[in-house]
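The values are calculated or read from the model by the stated rules, or taken from the named source; none is laboratory data. It should be emphasised that the depicted structure is a prediction, and the values quoted were computed from it without experimental measurement. Reconstructed Cβ throughout: ideal geometry from the backbone, glycine too, with neighbour counts over all protein chains shown. SASA here: full protein model, heavy atoms, side chains in, ligands and nucleic acids out. Shrake-Rupley method; radii C 1.70, N 1.55, O 1.52, S 1.80 Å.
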Amino acid sequence: MATAGRKRGRKKKKKTTPRVTRKITKFTKKFKATLHLRHQHITKHIPQLISAISSAHTFLLNHDLHLLPHQSLSLESLISSTSTSISNIFSLLSLPPPPPRSSRAALTSSRAGVCWFERFLAADSDTLWAESFNVRESSFTLLLRLLTPSLCSISLSPNYALALTLYRLAHGGTFSAVSRRFGVDTSTACRVFYTVCKAVNENLGHLFELKSDINRVIVGFGWISLPNCCGVLGIEKFELGGDLIGENGVLLVQGLVDSEGRFLDVSSGWPGSMRPETVLQKSKLYLGVEESKEYLNGSAFELNDGNLIPQYILGDSCFPILPWVLTPYKGLSEEDGAEMAFNSVHRKGMELVGKAFGRVREKWKLLAKKWNEQCVEAFPFVIVTCCLLHNFLIKCSEAVTDETKEYPRCEEFPVFDGEDDESGKEVRDALAAHLFRVSQRE
């Protein structure tokens, strides 16, 4: 009985009627016909696409010295992505693969087998130097002379190695794109790039002049009514592709700059999850002031009212106030004249940090991109390299960028909410009173 009940409970399958079968057959034929027409239509236009790509590639090879680097890199990227798309179409349509483009190898060398940089040297144009490497030829020659002793271990000649590195830093080109322009393979380009960056750090490290040229720094800030000031301290975020390090792939870089926008100290490579005050406490700058006493150990400056101001730096509001780090006042009203005067000058000082980092990002486009390479540990090293090159070009009297241009700051950091240092507050109050008197005379 139970078996009979189960049989009765089963649903009977519906039989497909001849009418439905005819409809399905008709639809299938129509669908296949449409696919066939589209297949023919696409196949008909593929040779035109291949011809267009070939023409664009020929144009690139014949005019690469007349195009701006970012133009040639963009065109090359479009050619490559379009070629990849066409290959995918061939695969989807089950067509035989397109014939290999013989001009692909020509990206490495153009006319008569001469690579782009060799033809660039033959052109002998100072304008091309600035457009291609973001430095004048005279600055390139001086830098080459300083770095050559450290570049003996690489297989590429020093001038090629330095040019390759500056080109990549200036335009953010991939290793494959850069290698083709200098007639080397990708692995060699990668090895050369990091070797040159290491040489810059080793040979130009003295351009962080907090210790060696502190008197010049103090005099510079004196012109903007900040007696005994030894720099302005800020922190900047640099993005990494994916969650490669820290919070959301963000890297923190602490920088101290002078009144001319030169970097006096750079501490790079801190994860985005770290608080700014922790970055400060772990930096060489903090240890050099608090422990070894090698920084900010000069004599105090006596103000007109008899108060003594020790050597100090201005710090962003995300840092704690210390006897040598003066941060802005919080929660002021219009009646707080001295405090307002201090904050006004402090705000102008912090603009120096924003401009310095902004100019480095604009000059060296590689830093403006998300760092997607596997060797994440090298990114802080590259940032320091760019900051040193920034200082080097200022030493060479090269205009870094438009002086009137404003650079947006990165996302603001939370205001430090810890305990304030009383000695730091006393120094800040004395300086605020001095700045208020100066503002009253103006």
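Pull up all non-local amide H partners of CYS318: gap of 5 or more, or a different chain, and H-to-H distance under 5 Å with H placed in the peptide plane.
The list, which skips near neighbours in sequence, is PHE416.
Quick check: convex hull over the Cα atoms of region 155-242, volume per residue in Å³, rounded to an integer?
Values: hull volume 13.2 nm³, N = 88.
For region 155-242, the hull spanned by Cα atoms encloses 150 Å³ per residue.
Once you place label points 7 Å from the Cα toward the Cβ at LEU128 and SER292, how far apart are they in nm?
That separation, rounded to one decimal, is 4.5 nm.
What's the FRET efficiency of ILE224 with GLU412 using the Cβ-Cβ distance as r and R₀ = 22 Å, to the nearest 0.05?
E between ILE224 and GLU412, to the nearest 0.05, is 0.40.
How far is it, in nm, from the label point at ALA368 to the one at ASP421 when both lie 7 Å from their Cα along the line to the Cβ?
Reported label-point gap for ALA368 and ASP421 is 3.7 nm.
With a 10 Å radius around each residue's Cβ, average the other Cβ atoms per peptide and rank 337-349, 151-163, highest first.
Working: 337-349: 18.8, 151-163: 17.1.
Output ranking for 337-349, 151-163: 337-349, 151-163.
With the cut-off at 20 Å, tell me which of the pairs LYS237/LYS369; LYS211/LYS293; LYS284/LYS370 have Cα atoms farther apart than that.
Where the Cα-Cα span goes over 20 Å, the pairs concerned are LYS284/LYS370.
Summing +1 for each Lys or Arg and -1 for each Asp or Glu, what net charge is found among the other residues whose Cβ lies under 14 Å from the Cβ of SER155?
Combined, the nearby Lys, Arg, Asp and Glu give 0.
Kindly report the accessible area of region 208-440 per residue (heavy atoms of protein chains, probe 1.4 Å, no ligands, DNA or RNA), in Å².
Details: 10510 Å² over 233 residues.
Result: 45 Å² per residue.
What is the local net charge at SER292, summed over the other residues whose Cβ is closer than 15 Å to its Cβ (Lys, Arg +1; Asp, Glu -1)? The partial results should precede the final answer.
Working: positive: LYS211, LYS282, LYS284, LYS293; negative: ASP265, GLU290, GLU291, GLU294.
Overall, the nearby charge balance is 0.
Mean 1/r over all different Cα pairs, inverted: what Kirkwood radius does region 116-206 give, in Å?
Averaging 1/r across every pair of different Cα atoms and inverting gives 13.1 Å.
Quick one: grab Rg to one decimal and Dmax as a whole number for region 208-440, Cα atoms only, in Å.
Cα only, region 208-440: 17.7, 58 Å (Rg, Dmax).
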